[in-house]
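First up is the structure itself, then whatever we jot down about it.
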Amino acid sequence: MSEDARQETGGAPTAATGHAGADTPSARPAKRVRADAQRSTDALLTAAAEVFATSGVDAPVRQITAKAGVGAGTLYRHFPQRADLIAAVFRHEVDACADAAPALMATYAPVDALARWLQRFAGFIATKRGLSSALHSGDPAFDSLPDYFQQRFVPVLGALLDTAASAGHIRSDLDLDPEDLLRAVANLTLPAAEDDSAPAQQMVTLLVDGLRHGARTPDPA
């Protein structure tokens with residue numbers, strides 16, 4: 001066993017201990033291990049996303065593990081190759097952005113939920129620009145990411161658009177393709193520097209204003 005692995009397991013023996021009649025079911029340790037592993041994975045993905053944003057995808061592993069509060073052995077156990085970590089970070093961030101939509105729809109008027117989600121999406125694209133060279137490197141670990149992007153974002157934006165249109169908050173005669181709108185918003189972020197999202201946010205605001213123009217209910221309560 002490597003030193004990292006010993007540190008991660010605390011040097012515990014692998015054989016089961018205790019009496020057969022112990023009142024702790026054998027399933028409980030497995031569940032605890034799975035929960036611990038998930039927490040370690042989440043901590044690594046969050047830390048890696050922050051490190052990648054500031055130091056790039058080639059940042060030293062120790063920066064990521066120190067921020068996550070885990071050992072190098074834990075990182076390599078979950079993500080044997082750096083490409084595995086990069087791909088997992090991308091999926092994690094895609095999921096966070098997509099999963100924000102239901103909460104926005106439950107909290108805000110339909111057009112406001114749409115606007116707020118598009119702003120979040122634009123921010124997501126801007127902060128992921130630093131990953132673009134890695135994602136387009138030809139590494140097979142990244143082959144599924146474009147489809148994952150579409151599978152998660154297209155239905156989310158479609159629901160936001162349909163809800164806003166049904167409420168009369170945006171025009172319903174445009175036959176908008178969510179994929180085209182995602183591409184348009186992504187293109188709006190290109191001229192801006194990664195640390196300055198204000199221009200992209202202004203462009204997204206203008207885009208939503210255009211969708212509102214001519215709607216049945218231009219000023220929802």
Which peptide among 152-159, 76-83, 87-94, 115-122 comes first, and what is the full order, when sorted by highest mean count of other Cβ atoms within 10 Å? 115-122, 87-94, 152-159, 76-83
Probe 1.4 Å, all protein chains in place: accessible area of residue 144 in Å², nearest 10? 60 Å²
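Out of the total accessible area of the range 78-220 (probe 1.4 Å, heavy atoms of protein only), what percent is carbon and sulfur?
52 percent
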Nearest 0.05, what FRET efficiency do residue 63 and residue 106 give at R0 = 25 Å with Cβ-Cβ as r? 0.10
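The values are calculated or read from the model by the stated rules, or taken from the named source; none is laboratory data. Remember, it's a predicted structure, so these values are computed and weren't measured experimentally. Neighbour counts are summed over all protein chains in view; Cβ atoms, including those assigned to glycine, are modelled from backbone coordinates with ideal geometry. We work out accessible area using only protein heavy atoms, side chains counted, and drop any ligands, DNA or RNA first. Shrake-Rupley method; radii C 1.70, N 1.55, O 1.52, S 1.80 Å.
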